Structures are given as C-alpha cells and as structure tokens.
Amino acid sequence: MSTTKKILLALLALIVTIVYIVLTFRIRKELGWWAFIDCFALFMTVFTWLMSILIGKMIPHSGMLLAKIALIFGILFIISLIGEYIAYTAIF
C-alpha cells in the first residue's frame with residue numbers, strides 16, 4: 001500500500017474516532033471519568049499510527065517505534081472496551 005493511501009486511511013480512522021467520541025459523549029458523561037478510557041486508547045492508537053506513517057518517511061526508526069506504540073494502545077483499547085462492557089452490565 002502506498003504512503004498516500006496509508007495517510008488517507010489513517011485520517012479516515014481519526015475522523016471515525018472523533019465521531020465515535022462525539023456520538024457517545026452524553027452516555028459516558030453520566031457514568032464518570034472511567035467511561036472515557038476506551039476513547040482515549042482508541043484516539044491514541046489512531047494518532048500514533050498516523051504519526052508513525054508521517055514520521056516514518058523521514059526517520060524510519062522512529063516510525064517503527066511509533067507503530068509499536070500504536071499496537072500497544074490498540075491492545076489497551078480492546079482490553080478497556082471489554083472492561084467497560086463488564087462495568088456497564090454490572091451498573092445497568
């Protein structure tokens with residue numbers, strides 16, 4: 001996949017993430033600060049992935065490191081999503 005396509009895909013994922021945060025904000029606001037953990041992890045996943053693509057063109061080692069950080073945040077997103085699901089089912 002070319003770099004331009006990767007950048008466009010990352011920007012699209014960032015826009016989808018922001019829309020996800022905006023659409024679920026009202027539900028999360030009532031539950032407390034912990035309800036935003038998956039939003040933070042998802043945003044950081046997409047943002048560090050985008051930065052790894054952009055910086056990776058200039059400094060390949062930094063791009064690879066940012067890609068690893070994006071993978072870690074992606075795993076944390078999945079874990080936080082499962083944790084929030086368990087918490088939501090316990091509350092409601």
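The values are calculated or read from the model by the stated rules, or taken from the named source; none is laboratory data. Please read all numbers here as calculations on a predicted model, not as lab measurements. Cβ placement follows ideal geometry from the backbone for every residue including glycine, while neighbour counts extend to all protein chains displayed. The accessibility values were calculated without ligands, DNA or RNA, using every heavy atom of the protein model including side chains. Shrake-Rupley method; radii C 1.70, N 1.55, O 1.52, S 1.80 Å.
When the accessible area of the chain is split by element with a 1.4 Å probe, what percent falls to carbon and sulfur? Walk me through the numbers on the way to the answer.
Values: 5150 of 6420 Å².
Looking at the chain in its full context, I get 80 percent from C and S.
With a 1.4 Å probe and every protein chain left in place, tell me how much accessible area PHE77 has, in Å² to the nearest 10.
40
So what's the convex hull volume per residue for the Cα atoms of the chain, in Å³?
Looking at the chain, the number lands at 88 Å³ per residue.
Report, ordered by chain and residue number, the aspartates and glutamates lying within cross-link reach of LYS68, taken as a straight Cα distance under 19 Å and ignoring same-chain residues fewer than 8 apart.
ASP38
Once the other residues with Cβ under 15 Å from the Cβ of SER80 are scored (Lys, Arg +1; Asp, Glu -1), what is the net sum?
Details: positive: ARG28; negative: ASP38, GLU84.
Here the count lands on -1.
From the protein chains alone at 1.4 Å, what is the descending order of accessible area for ILE27, ILE21, largest first?
Descending accessible area places them as ILE27, ILE21.
Around LEU42, under 15 Å between beta carbons, what's the net of Lys plus Arg minus Asp minus Glu among the other residues?
Details: positive: ARG28; negative: ASP38, GLU84.
For residues surrounding LEU42, the net value is -1.
Skip the ligands, DNA and RNA, and give the accessible area per residue of the stretch 5-92 with a 1.4 Å probe, whole Å².
Numbers: 6060 Å² over 88 residues.
Solvent-accessible surface per residue comes out at 69 Å².
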